[in-house]
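The values are calculated or read from the model by the stated rules, or taken from the named source; none is laboratory data. Here the structure is a predicted model, which means the values were calculated and not measured. Cβ atoms come from the backbone with ideal geometry, glycine included; neighbour counts cover every protein chain shown.
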Amino acid sequence: LPSPQDADPSEVYRPEAGAEHGKLQTDYRNYTAGPLLDRVYNTYLLMHTHQTVDFVRKKGAEYGACAQRRMSIMEALDLLDNVVDESDPDVDFPNSYHAYQTAEGIRRAHPDKDWFQLVGLLHDMGKVLALAGEPQWAVVGDTFPVGCRVQESVVFSDSTFHDNPDTKNPLYNTEYGIYQPHCGLANVLMSWGHDEYMYQVMKFNNFALPQEAFYMIRFHSFYPWHTGGDYMHLCSSEDLRMLAWVKDREWEQGGGWGRGQAPWLRVSVWGLALARRHTWNCCTHRKPWRASPVTDMGQH
Ligand SMILES: [Fe+2]
Ligand SMILES: [Fe+2]
């Protein structure tokens with residue numbers, strides 16, 4: 001693929017143009033074969049070795065106060081031009097493309113829900129952590145609860161956890177570990193990455209989005225739960241109610257729109273307008289985030 005600087009993504013990624021054409025939804029997330037598999041496996045090996053209860057608590061304390069940097073949504077989106085997710089076996093292009101294209105996929109599936117479209121634009125924005133010096137294994141990839149036994153549907157779970165110190169800690173390696181039955185995912189420590197970070201940013205800045213949006217962003221990489229069907233013993237009834245939204249994979253994979261098939265130029269123009277209409281002063285800024293009226297499109 002051409003580098004992001006010299007590629008014209010509307011040529012490279014338009015539906016009829018590239019290697020992605022004709023790829024079925026079931027062809028995505030193949031963890032047993034494919035050209036990017038070594039890179040993917042190594043990212044998970046590091047993640048499953050180093051993501052521990054202590055590590056997650058440390059990162060939450062480091063980033064949860066949102067005290068490090070201040071930027072607008074548009075600045076963060078531009079930064080994603082420089083991020084390629086090394087855990088993703090399908091996506092080998094910058095995450096900014098993926099953001100616009102995911103939002104476009106949602107617009108097609110849910111034209112009446114602009115908050116949902118915005119979720120598409122925002123959902124991977126936490127990957128800016130990779131540009132703050134965080135290793136990929138602490139930014140990307142499927143997430144899983146720490147502090148309890150790893151369940152089977154965690155990708156590569158049988159070959160990547162042997163050097164994780166938590167697996168030798170009797171407090172952390174029972175079915176419930178440090179948790180109570182049906183305590184609710186809000187009370188569960190998830191492995192640290194872009195999902196949890198972006199959730200913290202949204203909460204800190206009082207994003208004026210429905211609870212579903214917070215939920216979708218916080219748990220969109222928790223495949224062992226929303227797709228694998230594991231970890232139900234930790235879920236509250238509210239988690240189960242929200243599961244249908246998190247599972248609505250139209251928004252990331254449906255028809256491949258989030259995976260490189262949307263016409264780039266048209267989508268980016270629309271996506272910029274959407275972001276400008278709905279966001280201003282966000283990320284690590286204390287000012288409350290509020291959806292603004294259409295007349296504010298010129299500012300963000
Ligand atoms: Fe994504
Ligand atoms: Fe993601």
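Exactly one residue out of 174, 160 is touching a Leu at 6+ places or on another chain (Cβ under 7 Å) and more than 16 Å from ligand 1 (Cβ to nearest atom): that is 160. Screening the stretch 210-220 for residues that are within 12 Å of ligand 2 (Cβ to nearest atom) and part of a helix (DSSP H, G or I) and picking the one that is surrounded by the fewest Cβ atoms within 10 Å (Cβ to Cβ) gives 219. Scan the stretch 176-198 for residues that are free of Cβ contacts under 8 Å to residues at least 60 places away in the same chain and outside any loop (DSSP other than H, G, I, E, B) and the total you get is 3. Checked against (1) away from ligand 1 (no atom under 12 Å from the Cβ); (2) farther than 24 Å from residue 228 by Cα; (3) buried (at least 16 other Cβ atoms within 10 Å of the Cβ), residue 121 passes all but condition (1). Taking the condition assigned to a helix (DSSP H, G or I), among the basic types (Lys, Arg), surrounded by fewer than 16 Cβ atoms within 10 Å (Cβ to Cβ) and at pLDDT below 85, does residue 108 pass? Spelling it out, residue 108 is indeed assigned to a helix (DSSP H, G or I), among the basic types (Lys, Arg), surrounded by fewer than 16 Cβ atoms within 10 Å (Cβ to Cβ) and at pLDDT below 85. Taken over the stretch 118-135, the residue count meeting the criterion of being assigned to a helix (DSSP H, G or I) and more than 14 Å from ligand 2 (Cβ to nearest atom) is 3. Within the stretch 238-251, being more than 14 Å from ligand 1 (Cβ to nearest atom) and touching a residue at least 40 places away in the same chain (Cβ under 8 Å) holds for 238, 239.
Those residues that are in a loop (DSSP other than H, G, I, E, B) and within 16 Å of ligand 1 (Cβ to nearest atom), I need them from the stretch 136-146; list them, please.
Looking only at the stretch 136-146, we keep the residues that are in a loop (DSSP other than H, G, I, E, B), and these are 139-144, 146.
If the condition is that a residue be in a loop (DSSP other than H, G, I, E, B) and within 16 Å of ligand 1 (Cβ to nearest atom), then 139, 140, 141, 142, 143 are the ones that fit.
Residue 200 falls short on exactly one of the conditions (1) of a type in the set (S, T, N, Q); (2) farther than 13 Å from residue 47 by Cβ; (3) surrounded by 20 or more Cβ atoms within 10 Å (Cβ to Cβ), and that condition is (3).
Filter the stretch 40-87 down to residues that are of a type in the set (Gly, Ala, Ser), modelled with pLDDT under 90 and part of a helix (DSSP H, G or I), then give me how many there are. Even if it seems obvious, please write down each step before you answer.
To start, the set of residues in the stretch 40-87 that are of a type in the set (Gly, Ala, Ser) comprises 60-61, 64-65, 67, 72, 76, 87.
Restricting the remaining residues to those that are modelled with pLDDT under 90 gives 64-65, 67, 72, 76, 87.
Cutting the leftovers down to part of a helix (DSSP H, G or I) gives us 76.
Summing the residues that are of a type in the set (Gly, Ala, Ser), modelled with pLDDT under 90 and part of a helix (DSSP H, G or I) in the stretch 40-87 gives 1.
Among the conditions (1) in contact with a helix residue (DSSP H, G or I) (Cβ under 6 Å, 6 or more places away or on another chain); (2) within 24 Å of residue 200 (Cα to Cα); (3) loosely packed, with under 15 Cβ neighbours inside 10 Å, the only one that residue 144 does not satisfy is (3).
The rows are residues; the columns are (1) within 16 Å of ligand 2 (Cβ to nearest atom); (2) touching a Ser or Thr at 6+ places or on another chain (Cβ under 9 Å).
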residue	(1), (2)
159	no, no
167	no, no
176	no, no
200	yes, no
208	no, no
222	yes, yes
